[in-house]
Amino acid sequence: YGNWDDPMSLTSLLPPLLALVLAPLLLSVINRTKALVAGRRGQPLLQPYYDLWKLLHKGAVYSRTTTWVFRAGPLVGLSAVLIALTVIPFGNIPALLAFPGDVVFFAYLLGLLRFCTIIAALDTGSSFEGMGASREATYAALTEPALFLGLAAIARHTETLSLSSMFASITSTSWSSAGPAFALLAAAFFVVFLTENARMPVDDPTTHLELTMIHEVMVLDHSGPDFAFILYGSALKLWVLGSLLSGMLVPVRSGVLWLDLGAAGVGLIGLAMLTGVIESSMARLRLVHIPQLLVGASVLSALALVLAVR
């Protein structure tokens, strides 16, 4: 995939480019779905782009208590998710950087993104941001087993350790032969998707109550371009994790570029709409009940791994 004379390398370049341009639209789809369910018109589809443009043209304000850690957090976090884009397949299109073991590399990139956000929040010295960082670290520790066990189950079923090969092997035939395991994995990955992106029922992205915030409270002190990098990185993370789940739920492997791209895109849009419906139809869980949900996702992934090993 690193040979630029190979047409496949040029094809693999399309998904990251599409993500860089279209990722904020997923946020618009979620918000418009919530508006439609509530009987409202909703904001314009390009509103996330307007917000990013406005923030990039504002100045950043830094507290005297912060250090270079606070300023580096958004940049390093955005860099981590940008690299993650290059190792994620998009439908039947392999990743730009595919190699054996990239599944572990991908998981650690997500961990680096989370770590940078947490230490930037702690660097402010704010008790509220420290509280959010503590919750984020706790829930991340409970989410990672579900992700790792789920990816291990797919690796065992496909007998490969590369994300591109793993998800390329998930076809309609695979669902007919290993449907129960894949259904468990889809449910577990959906919980991981909601948790990692700070969505209902784990977190409320629209709340303004510091005592109940998780992700949003960690970025309260960021402003201007720094906050734009955080918002853009969140949109890209939504795209990255959604691509994995969409690649599993929409196993279109036709070999036709436009058809495979379209199927993966439709899967992402459907996932965003489902997220909007969930956020419109249920309240956030109490903080003491969130660990139970995340442990349940890990149990589902473990059961899928057991089924794959048998």
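The values are calculated or read from the model by the stated rules, or taken from the named source; none is laboratory data. All of these numbers come straight from a predicted model, not from anything done at the bench. FYI the Cβ positions are ideal-geometry reconstructions off the backbone, even for glycines, and counts take in every protein chain you see. Calculation scope for accessible area: heavy atoms of the full protein, side chains included, ligands and nucleic acids excluded. Shrake-Rupley method; radii C 1.70, N 1.55, O 1.52, S 1.80 Å.
Treating each Cα of the range 97-176 as an identical point scatterer and summing with the Debye formula, the log10 of I(q)/I(0) at q = 0.24 Å⁻¹ comes to -1.06. Here the range 129-173 and the range 42-70 have alpha carbon centers that stand 30 Å from each other. Each semi-axis of the equivalent ellipsoid for the range 180-223 is √(5λ) with λ an eigenvalue of the Cα gyration tensor; in descending order they amount to 28, 10, 6 Å.
Counting Lys and Arg as +1 and Asp and Glu as -1 over every other residue whose Cβ lies under 12 Å from the Cβ of residue 241, the net charge comes to +1. Around the amide H of residue 223, modelled in the peptide plane, lie the amide H atoms of 61, all under 5 Å away and 5 or more residues distant in sequence or on another chain.
Counting heavy atoms of the protein chains only and a 1.4 Å probe, report the per residue accessible area for the chain as a whole number of Å².
Averaged over the residues of the chain, the accessible area is 46 Å².
Against the chain, whose longest principal axis comes from its Cα atoms, helix 257-281 is set at around 50 degrees.
Thinking of the chain as a set of Cα atoms, what percent of all their pairs are more than 36 Å apart?
15 percent
With Cα atoms defining each centre, the range 83-116 and the range 210-273 are spaced 14 Å apart in the structure. In sequence order, the range 291-305 has phi-based couplings of x, 5, 5, 6, 5, x, 5, 5, 5, 4, 5, 5, 5, 5, 5 Hz under the Karplus curve 6.51 cos²θ - 1.76 cosθ + 1.60, θ = phi - 60°, and Gly or Pro positions carry x.
Compute the Cα gyration tensor for the range 186-259, then decide on rounded, prolate or oblate, letting a ≥ b ≥ c be the square roots of its eigenvalues: rounded whenever a/c is under 1.5, prolate when a/b is larger than b/c in the other cases, and oblate in all that remain. The partial results should precede the final answer.
Working: a/c = 4.58, a/b = 1.81, b/c = 2.53.
Because a/c hits 1.5 or more and a/b fails to exceed b/c, the range 186-259 counts as oblate.
On a per residue basis, the convex hull of the C-alpha atoms belonging to the range 133-250 measures out at 112 Å³. Rolling a 1.4 angstrom probe over the chain with all protein chains present gives an accessible area of which 69% lies on carbon and sulfur atoms.
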